[in-house]
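The values are calculated or read from the model by the stated rules, or taken from the named source; none is laboratory data. On a predicted model such as this, the values are computed, not experimentally measured, just so you know. In this analysis, Cβ positions are derived from the backbone assuming ideal geometry, glycine residues included, and neighbour counts consider all displayed protein chains.
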Amino acid sequence: MSIEKYIDLCGGNENITRVLVPGDQLIFAVKNSQLIATSESIDTVQDVLGETQVVFTRPESVTNDMLLCVGKRIASQQLQQIESFSDPVECEYRPQWHISPPQGLLNDPNGFVFHDGQYHMFYQWYPYACVHKDKHWAHLTSKDLINWEWQPIPLTPSDWFDSHGVFSGHALSMGEELMLFYTGNTRIGPERDRHTTQCLATSKDGINFEKHGPVVGELPPGTTEHVRDPKILRHNDKWLMLLGAQTTELKGRFVVYTSDDLKSWEFDSLYGDELGDFGYMWECPDMFELNGQMFSVLGPQGIESFSQHNTIPHHNGIAKSQWTEGFGFSVSEFEHLDYGFDFYAPQTMLTPDGRRVMCGWMGLPDEIDQPSTDNGWVHQLTTMREMRFENGKLIQWPIAEHDSLVSETQQIMLTQDAFDAQGKSFDLELELEWGQTLNLFESSEHKVTLKADYETKRLILDRSQTLNRAQDTVREVILDSDKVSLRILADTSSIEVFINGGEAVMTGRVFTAVDASGISVDTGSVKATVKRLKASEAPFMQV
Ligand code: FRU
């Protein structure tokens, strides 16, 4: 029987919302169960968590190419449905120049790459509501990493290998071809058993993508189904696929596959034992060199927190990495990438002039209830940060291109009487003495404070007097400097605080009243430079 016959029995193309092929089964999820034909070929019709699924035994005549064709049909229906969800909803909390989703939920940045004369940024997106569900990839392009253009949706959860989420991954620019490697996530049966594969999609024009299905179809030995977020890199004369994983002993580790042609991949090994018991899962790996030193990035879940105030299981950091011939790589000296509230799953990219630029998700997996959710969108990406490794220290700093957003620069003296920044989108530079506290986004009701605590030599970020709904209100970082120099990028409902020239960063979403544009210090006076920032050119970002 041809695949068309199975589809007819399920009520035709229009009635099919998913295709799944676990083991020797062929399953179609349908919209309208009334349209299912009566036939002996149907093994069973089942209800899986409210979804009607028609189950057949998969015959050998149904090939992977046929299944890809079915995926294309499902994708075209999904794309029609998404169209109206790509229109930005208005919201007073909408950032002016950070990337935010037009509607729905954004999470990890994906496929961050320079390809064919422009930058590409993709992100994890669920368009229909502010919840974590069947993820799509959204796509933006830019000439300068500041002004972005919305592109057609490149990947939807349309196929048997990614029906419950086109999960995170990276991009590779190979001449004219843009290759996307990502994790396909499917959930089978009422128990929602997770099936994970590593998949490939390619594009000749950088806009329209063709899926090729799994290039790694099996799990690596010794892991659970939590294996994801491929990063492809060149090492010696081989391609490496670096993945985040959970071992069967429930420990976070890296997994490496190798390849000569980017199509067929061979399991190499699990790595990261040197870090010992370091969380139950590592997500979103990255690996790159800075000033002669290799680093790997990981998102370890469930490690000890850097602060008693932080009880969130999701962390993000960077570790030095060494490659040894015949052994593989080892990691040491883990440090957190951000000491604020909202920073996760970053990706980096090399600019044509050799800068390593990082962008992260300004959000956290479990925090979806924020004031913007009431208007139908949640989360955003961080500022683009240049990463450097200088005098043994890792530095993060806003990319130079950021200055193109400056509309006006003012030298000011901050005192106890709040200075009105006339808006909440600015770049502020100043130096605090130990013992002083800076108040930002200040109004009669709200403020966020940065206290340079004299006693403990900690910089303490407190957002308890804001509209934030997360019960997670204080973060701190220990510093050993004589003074505390700050560069703060504020954008409507977020701040990113670059401390002591970028040696530490604190990122947080901070929701306050529209008129909360005051800036003050609690004692003494502090010279400051404030640069007002205009909105970037991307219609979907503006209020
Ligand atoms: C990190 C993460 C990734 C996964 C993606 C799914 O936030 O959990 O590991 O690929 O989000 O949206």
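Being aliphatic (A, V, I, L, M) and either assigned to a strand (DSSP E or B) or in contact with a Ser or Thr (Cβ under 9 Å, 6 or more places away or on another chain) (or both) is not true of residue 42.
Looking only at the range 181-201, filter to residues that are away from the ligand (no atom under 12 Å from the Cβ) and of a type in the set (D, E, K, R); which one of those is modelled with the lowest pLDDT? Ranking the qualifying residues of the range 181-201, first place goes to 191.
Listed by first and then second residue, the pairs with beta-carbon distance under 7 Å, at least 6 apart or on different chains, first residue in the range 178-191 and closer than 15 Å to residue 111 by Cα, second more than 13 Å from the ligand (Cβ to nearest atom) and not in a strand (DSSP E or B), are 178/206; 179/262; 180/209; 184/161. Annotation note: of 536, 517, the sole residue that is among the small types (Gly, Ala, Ser) and at pLDDT 95 or above is 517.
For the range 216-240, the tally of residues that are assigned to a strand (DSSP E or B) and either within 16 Å of the ligand (Cβ to nearest atom) or closer than 21 Å to residue 192 by Cα (or both) stands at 11. Restricting the range 154-180 to residues that are within 15 Å of the ligand (Cβ to nearest atom) and among the hydrophobic types (A, V, I, L, M, F, W, C) leaves a set whose member that is farthest from the chain's Cα centre (by Cα) is 161. The sole residue among 256, 227, 215 that is touching an Asp or Glu at 6+ places or on another chain (Cβ under 6 Å) and surrounded by 15 or more Cβ atoms within 10 Å (Cβ to Cβ) is 256. For residue 248, the conditions (1) more than 14 Å from the ligand (Cβ to nearest atom); (2) at positive phi are fulfilled apart from (2).
The residue that is farthest from the ligand (Cβ to nearest atom), counting only those in the range 333-375 that are within 16 Å of residue 287 (Cβ to Cβ) and β-branched (Val, Ile, Thr), is 357. Is there a residue being more than 16 Å from the ligand (Cβ to nearest atom), small (Gly, Ala, Ser) and touching a residue at least 60 places away in the same chain (Cβ under 8 Å) anywhere in the range 314-332? Among the residues of the range 314-332, at least one is more than 16 Å from the ligand (Cβ to nearest atom), small (Gly, Ala, Ser) and touching a residue at least 60 places away in the same chain (Cβ under 8 Å), which makes the answer yes. Within the range 189-209, is there a residue that is in a strand (DSSP E or B), aromatic (Phe, Trp, Tyr) and within 30 Å of residue 66 (Cα to Cα)? No, the conditions are met nowhere in the range 189-209. Picking from residues in the range 120-144 that are away from the ligand (no atom under 14 Å from the Cβ) and crowded, with 22+ Cβ neighbours inside 10 Å, the one that is farthest from residue 376 (Cα to Cα) is 120.
The listed residues are 334, 306, 278, and the only one of them that is of a type in the set (Phe, Trp, Tyr) and assigned to a strand (DSSP E or B) turns out to be 334.
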